[in-house]
Amino acid sequence: MKKILLMVVATIMATASVKAQNVRHERGSFTLQPMVGMSVGSMGGKMVYYVDDLSKKVEIDDELRGAFIGGVEAEYYICNWFSASAGINYAQQGWRMKEKNSGEKWNMNLDYLTIPVLANFYVAKGFALKAGVQPAFLLNAKQDGKNVKSGCKNTNFAIAYGLSYEFKNGITLDWRAAIGLLRVNKVSDEYNKYYSHAATLTIGYKFDL
């Protein structure tokens, strides 16, 4: 999946003129942008599990997990340097877990329907800084193929920020980070309170409506 996405990005970028000038959208204009890309998830907080008679506590480290994201976003330009956008994405998040002592690894896969709502500040033609919020709804949760959705909260909420660059031909590269503020697990204690964080890199195309 990673190789395919990188090839798509490289192919589109190769066809875009290096000398292409950026564009600004006029006040009151409206765009729609389908996008696809890669998501890199990580765990915030801490996680442990117990073995045998619950007297032994095993601590868990997390590692980054690469996955997929795709969706569509609408953007309204309040003026030529500021806009508001809202989107809907299918976003694979989660992380790889590693037991500290044994080194054993397994996956925590979380699939969300995310709804980013952002303010976009165009500090230069085609170049925007972004900040906002991202509500999310859990679609699936699996730990090494085992369904664990019943132990996870159905909703999430994150602070989102990032930047994007739009070429003259409408192709747009977008990098974002989402910091989860609500814990993933329904039941928590002093040892188990973990959050889903993600960074994404997408490529899209803006249509003027």
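Cβ crowding within 10 Å ranks Val72, Val133 as Val72, Val133, fewest other Cβ atoms first. Exposure proxy shown here: for Arg27, Arg65, the number of other Cβ atoms within 10 Å sets the order, fewest to most, as Arg27, Arg65.
You can think of it this way: the chain between Ala199 and Val36 has 57.3 nm of extra reach, that is 0.36 nm per residue less the Cα-Cα gap.
The fraction of Cα-Cα pairs per 10 angstrom bin, counted from 0 for segment 27-208, comes to 10, 36, 27, 16, 8, 2, 0 percent, rounded to whole percents. In this rough spin-label picture, where each label sits 7 Å from Cα along the Cβ direction, the Asn101-Ser188 distance is 2.6 nm.
With a Förster radius of 30 Å applied to the beta-carbon distance between Ala124 and Ala177, the computed FRET efficiency rounds to 0.90. For the residue pairs Lys153/Lys206; Lys142/Lys206; Lys130/Lys186; Lys142/Lys193; Lys46/Lys142, the C-alpha atoms sit more than 24 angstrom apart in Lys153/Lys206; Lys142/Lys206; Lys130/Lys186. The aspartates and glutamates whose alpha-carbon is closer than 15 Å to the alpha-carbon of Lys105, local same-chain residues fewer than 8 away aside, are Glu59, Asp61, Asp62, Glu63, Asp144. The aspartates and glutamates whose alpha-carbon is closer than 13 Å to the alpha-carbon of Lys149, local same-chain residues fewer than 8 away aside, are Asp111. Label sites at Tyr161 and Tyr76, each approximated as a point 7 angstrom past Cα along Cα to Cβ, lie 2.6 nm apart.
Could you grab the Rg to Rh ratio for segment 151-191? Cα atoms only, Kirkwood for Rh. Ratio of gyration radius to Kirkwood radius for segment 151-191: 1.27. Projecting label points 7 angstrom from Cα along Cα→Cβ for Ser29 and Lys142 puts them 4.3 nm apart.
Packing, as the average of other Cβ atoms within 10 Å across residues, places the peptides 105-111, 93-99 in the order 93-99, 105-111, highest first.
Sorting Glu75, Glu59 from the fewest to the most surrounding beta carbons within 10 angstrom yields Glu59, Glu75.
Since every read-out is calculated from the coordinates, none of them should be taken as a lab result. Owing to the predicted nature of the structure, the values given are computational and were not obtained by experimental measurement. FYI the Cβ positions are ideal-geometry reconstructions off the backbone, even for glycines, and counts take in every protein chain you see.
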